[in-house]
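The values are calculated or read from the model by the stated rules, or taken from the named source; none is laboratory data. Everything quoted here is computed from the prediction, not taken from an experiment. Positions of Cβ are generated from backbone atoms using ideal geometry, with glycine treated the same way; all protein chains shown enter the neighbour counts.
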Amino acid sequence: MIKLNRRIAALKPSATMAAEARATELKAAGVNVISLAAGEPDFDTPERIKQAARTAMAEGLTKYTAVGGLMKLKQAICTKLKRDNGLDYDPAEVIASAGGKQASANLIACLFDEGDEVIIPTPAWVSFVAMVQLAGATPKMVPCAEENGFLLTPNQLRNAITPRTRGIILNSPSNPTGAVYGAEELSGLAQVLKETDIWVMSDDVYEHIVYDGSAPHIFKIEPALKTHGIVFNSVSKTYAMTGWRVGFAAGPREAIAAAVRLQGQNSGNASSIAQAAAIEAYLGAQDEALQMVTEFHARRDLVVDRVRKLAGFKLPNVPRGAFYAFPNVSALLDRKYKGKPLTDGNGVAEFLLEEARVSVVGGNDFGAPEYIRMSYATSRKNLTEAFDRIGAALEKL
């Protein structure tokens, strides 16, 4: 047996990517699978952005760039942060990476070490825990109650902080729940956090996919946190650019400089052509995102209605952002399928893939094993068919 690095040996595959890969594999084998597992918009990248990439290639922008990104891109990111979030950053406080995931992983690796604890309110995106563990730190998962909209409360935060706490990761709108922190909730958390020097990391990748109001920024609400705060974001969701792989982090210069050093050793710059496309994404017309959100809103309403009609599914909270529903399936657990009980969300996901040919993601790796995640980043026709299939499959339990 090959001996691996102990952290890599303990690393689990991404549950979301594994579910989508399994659906893709079945489709390639001729199986008619409807995927509600994908964490990416099903819309095409806007033409203006694709044209910017073509122009960049025609003009010879096909060489290495500065490790932390083109200066024009970093300036565009600063413009975006001021325009959309009311936050002032300098290009030296920004790093562009090969996707928001790399930006997050690099900063987490730079800021935390053995013995450190990082608070992760759950349910949470599956990769946060893995990133903290790969840094050698300990993820401290704090379960957030469905009854409170899956939102972390100030009292929970205060009770979770120990002398070992070095950071917290907030994600609003949330993957997987669709929860959005309002100004009042963020203000309550900020009052606790400003009394500390722990790193406050705000993952804003779904910031523009909001249906009821907006997603305020914690650093705008409490500017003092910006001195020990990091913003993570990317072009992936807002501009339907998941495959282009451009994301960024913004924060204090010393932290960003450390991330640039790390990126210089582990990958180098993000694609020069994709960076040019990202500049256009941030600086060009912004109306495509609104059109996309309008369609997601209609799908959200369809999904909420259909989920609430499924026997054994519970969805008390209407998702306010992102493009996921996160129903509670605890009423299905211990029911038997082919003589075996469904013991958790992963089991329910396996049942739905096998019996309904619908791919979803079990809630286990999100820190919520009594739930499943259902993406509505697919057509309303596919959604209707998927729920018809799920309803029929549930009758067989």
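Within segment 107-118, if we keep just the residues that are in contact (Cβ under 8 Å) with a residue 24 or more places away in the chain and surrounded by fewer than 24 Cβ atoms within 10 Å (Cβ to Cβ), the residue that is farthest from S272 (Cα to Cα) turns out to be G115. Suppose the filter is crowded, with 23+ Cβ neighbours inside 10 Å, in a helix (DSSP H, G or I) and modelled with pLDDT of 95 or more; does L152 pass it? No, not satisfied.
A quick yes/no check of all residues on (1) touching a residue at least 40 places away in the same chain (Cβ under 8 Å); (2) over 18 Å from G321 (Cβ atoms):
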{"site": "L87", "(1), (2)": "yes, yes"}
{"site": "A98", "(1), (2)": "yes, yes"}
{"site": "A105", "(1), (2)": "no, yes"}
{"site": "A130", "(1), (2)": "yes, yes"}
{"site": "M141", "(1), (2)": "yes, yes"}
{"site": "G149", "(1), (2)": "yes, no"}
{"site": "R164", "(1), (2)": "yes, yes"}
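Criterion first (in the same structural domain as V67 (by TED's automatic domain parsing) and over 17 Å from F323 (Cβ atoms)) does A224 satisfy it? Considered against the rule, which asks whether it is in the same structural domain as V67 (by TED's automatic domain parsing) and over 17 Å from F323 (Cβ atoms), A224 comes out as yes. Restricting N171, N159 to residues that are buried (at least 21 other Cβ atoms within 10 Å of the Cβ) and closer than 30 Å to F326 by Cα narrows the list to N171. Being buried (at least 24 other Cβ atoms within 10 Å of the Cβ), of a type in the set (S, T, Y) and either touching a Lys or Arg at 6+ places or on another chain (Cβ under 9 Å) or assigned by TED's automatic domain parsing to the domain that holds A98 (or both) is a property that S234 has.
For every residue, the table says whether it meets (1) touching a His at 6+ places or on another chain (Cβ under 8 Å); (2) surrounded by fewer than 17 Cβ atoms within 10 Å (Cβ to Cβ); (3) in a helix (DSSP H, G or I); (4) not assigned by TED's automatic domain parsing to the domain that holds E147.
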residue	(1), (2), (3), (4)
G243	no, yes, yes, no
A249	no, no, no, no
V260	no, no, yes, no
Q265	no, yes, yes, no
A277	no, no, yes, no
A298	no, yes, yes, yes
D305	no, yes, yes, yes
K309	no, yes, no, yes
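Considered as a group, the residues in segment 1-50 that are polar (S, T, N, Q) and surrounded by 11 or more Cβ atoms within 10 Å (Cβ to Cβ) include one that is modelled with the highest pLDDT, and that residue is T45.
Only residues that are among the acidic types (D, E) and at pLDDT 95 or above were counted in segment 356-397, giving 3.
With the requirement that a residue be surrounded by 23 or more Cβ atoms within 10 Å (Cβ to Cβ) and part of a helix (DSSP H, G or I), what does segment 353-385 give you? Selection gives D365, F366.
Residue-level check: of (1) closer than 16 Å to V200 by Cβ; (2) touching a Lys or Arg at 6+ places or on another chain (Cβ under 9 Å); (3) of a type outside the set (S, T, Y), G167 misses just (2). Return the pairs, sorted by first residue and then second, in which the second residue is among the basic types (K, R), the first residue lies in segment 337-355 and is without any contact (Cβ under 8 Å) to a residue 40 or more places away in the chain, the beta carbons are less than 7 Å apart, and the residues are 6+ apart or on different chains. Sorted first by the residue in segment 337-355, then by its partner, the pairs are P341/R335. Summed over segment 132-149, residues that are in contact with a strand residue (DSSP E or B) (Cβ under 9 Å, 6 or more places away or on another chain), under 29 Å from A257 (Cβ atoms) and not in a loop (DSSP other than H, G, I, E, B) total 5.
Of the residues making up segment 287-307, none is on the phi > 0 side of the Ramachandran plot, among the aliphatic types (A, V, I, L, M) and in contact with a Pro (Cβ under 9 Å, 6 or more places away or on another chain).
Each row is one residue, and each column tells you yes or no for (1) in contact with a helix residue (DSSP H, G or I) (Cβ under 9 Å, 6 or more places away or on another chain); (2) of a type in the set (A, V, I, L, M).
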| position | (1), (2) |
| --- | --- |
| K3 | yes, no |
| A9 | no, yes |
| T16 | yes, no |
| L26 | yes, yes |
| G30 | no, no |
| A58 | no, yes |
| L70 | yes, yes |
| N85 | yes, no |
| Q102 | yes, no |
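In the set E355, E350, E395, only one residue is more than 22 Å from N317 (Cα to Cα), within 27 Å of the chain's Cα centre (by Cα) and among the acidic types (D, E); that residue is E350.
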